[in-house]
Amino acid sequence: MIGGPALSRGLSPLRQVLDNGVIILAEASDAVPAVALNATFTHGSVEDPEDLPGVAYLTRKVIDRGTTSRSAGDIARTLDDRGVSLRTSVTRHSFSLSCVCLPEDFHEILALIGDVARHPGFVAEELERRRVEAITSLHEDEDDPSKVAVDLLHESLYGSQHPYGRLIKGTRGTLETITRAHLLQYQERWLVPSALRVAVAGAIPTSAVLSSAARVFEDWAAPRAIDAAIPPPPARSARTVTVKRMDGKSQADIAYGFSTVRRLDPRFYAYWIMNTVLGQFGLGGRLAENIRERQGMAYYAYSTLEATVGEGPLIIRAGVDPVNVDRAVAAIDAEVRSLRDSGPTTAELEETRESLIGSIPRMLETNESTAEFLLHAEQFGLGLDYDRRLPDLLQRVTMQDVREAAAEVLDPSRAAVAIAGPVA
């Protein structure tokens, strides 16, 4: 945890850029005797070959299973002896290795992460084992109506050829086709020093972080990677409804959405407030109040806004009894149309703004969340003082800004709707 005085003062991270482009971010806090370490590359599944989705995902599953000098067992013993769990993850725009360790173990754990990132072995036996796991995970997703609905929605909004329309995990066919050479090519081209951001938060002096990171990464030389260009999504002129029948399920899942704005669009903060009013404030905003509380026909109802490099989606989610699908979609239409036509009330705007500003300390409650916050600010060039400037950025959003955001995007006649479950 990062304690009260630190929150009131705001963060005070140090930032260092190595000659090869690696960026180190360090925030010291002695609130708990632990250190969060997050090494994130600013490349992810959007860099997969167009005809071979799933390369980044399979790379993520295999990369920590041995290096050119350490076996998978060696890595596991080093971590287990120190009570450390190394997590790997991949999104459309990031590839991360992260963990929490004791301060006295930081230097050795950072060196291990550096070895994993720089010198993965991609041993054939480990690749085949993780390939089976990846295909099993894909099958589990294909049997989950909530995940099926969201995947269908992404394809409807962006198209199968757009980076945001492709499956991060790929398909069974692509997962079976990917070879060790594909993983090596991905790692050598995209997991390079110019794309690496290392954020460390916790009970270790920032000077020690910077010196240790320099020792691990400063001699790493590789060509600079050029970020993949993200095209705008296709223009939508009509509503689409995609239905995937999945018998034997207890509920139907609805994903309803629009493409919105890029994270660096000046309108982002108005969109953030607008989405919070729609499906986040309290227990799920207007959506939950109508569909779940008043009408009692949804197990859950909320909306999310993905702030990302390209025009990310606003997605409304609802899980309902199959007999209530049409009523639930109609209720979503009504709330979307109402917010589009009238905007939020003055009370909604001010309560939402107050809630978002009040949530900033919670974004920094733990060392892990602080490291993630620093990485987000770095990725989008928001500055080391972003946590202190964020309240003012939210205060500047006017009622007109939010109404314009709602009018720009919330149009039921152009919505993409995806439904998965035991529907007729």
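Nothing in this text is a laboratory measurement; each read-out follows from the coordinates by a stated rule. Nothing here was measured: the structure is a model prediction, and the numbers come from that model. Because the Cβ atoms are built from the backbone with ideal geometry, glycine has one as well, and the counts that use them run over all protein chains shown.
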When the helix-only estimate is applied to the chain (DSSP H runs of n ≥ 4, each -39,500 (n - 2.57), divided by the residue count), what is the mean residue ellipticity at 222 nm, nearest 500 deg cm²/dmol? -13500 deg cm²/dmol
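Counting pairs of alpha carbon atoms under 8 Å apart in space and at least six apart in sequence, what relative contact order in percent does region 240-421 give? Could you put the intermediate results ahead of the total?
On the way: 284 pairs, mean separation 69.5, N = 182.
Worked out over region 240-421, it gives 38 percent.
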Under the 0.36 nm per residue contour assumption, what length would be gained going from the current alpha-carbon distance of R215 and L283 to full extension? 19.8 nm
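Which three semi-axes in whole Å describe the equivalent ellipsoid of region 53-192, each the square root of 5 times a Cα gyration tensor eigenvalue, listed largest first?
One finds semi-axes of 29, 16, 14 Å for region 53-192.
Quick one: of the DSSP bridges fully inside region 10-217, what percent are antiparallel, nearest 5? Numbers along the way, then the final one.
On the way: 23 of 29 bridges.
Roughly 80 percent of the DSSP beta bridges within region 10-217 come out antiparallel.
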Taking just the alpha carbons, could you work out the radius of gyration and Dmax for region 1-114, both in angstroms? 16.4, 51
Measure nothing but the geometry: give the 0 to 90° angle between the long axis through the Cα atoms of 106-118 and the longest principal axis through the Cα atoms of the chain, rounded to 10°. 80 degrees
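How many percent of the alpha carbon pairs in region 240-421 exceed a separation of 19 Å? It would help to have the intermediate numbers written out before the result.
Details: 9851 of 16471 pairs.
More than 19 Å apart: 60 percent of the Cα pairs in region 240-421.
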Using only the Cα atoms of the chain, what are the Rg and Dmax in Å? 22.5, 63
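When Lys and Arg each count +1 and Asp and Glu each count -1, what net charge do the other residues less than 9 Å away from R414, Cβ to Cβ, add up to? Walk me through the numbers before you get to the answer.
Working: positive: R236, R239; negative: D411.
Surrounding charge for R414 is +1.
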Mind telling me which of R403, R166, R294 comes out most flexible in a GNM of the chain, alpha-carbon contacts under 10 Å? R294
Bounding extents of region 133-242 in its principal axis frame from Cα atoms, largest first in Å, are 55, 34, 33
Give me the lysines in straight-line cross-link reach of K244: C-alpha distance below 22 Å, same-chain residues under 8 apart excluded. K147, K169
Rounded to the nearest 10 degrees, the helix 268-279 long axis (Cα) sits at an angle to the longest Cα principal axis of the chain of 60 degrees
Which one of L305, A416, V32 has its Cα pushed farthest toward the positive end of the charge dipole of the chain, where Lys and Arg give +1 and Asp and Glu give -1 at the Cβ? A416
Which stretch or stretches of region 185-225 have amide N atoms under 17 Å from the point lying 7 Å from V32's Cα along the Cα→Cβ direction? 200-204
Under 12 Å from K61, Cα to Cα: aspartates and glutamates that are on another chain or at least 8 residues apart: E126, E128, E133
Intensity falloff of region 208-331 expressed as log10 I(q)/I(0), Debye formula with alpha-carbon point scatterers, at q = 0.13, 0.17, 0.22 Å⁻¹: -0.70, -0.94, -1.25
Could you state the angle between the C-alpha long axis of helix 124-142 and the longest principal axis of the C-alpha atoms of the chain, as a value from 0 to 90 degrees rounded to the nearest 10? 10 degrees
With each pseudo-label sitting 7 Å past Cα toward Cβ, what's the D247-D341 distance in nm, one decimal? 4.1 nm
So for R0 = 25 Å, FRET eff. of E404-F380 from the Cβ-Cβ r, to 0.05, ends up at 0.65
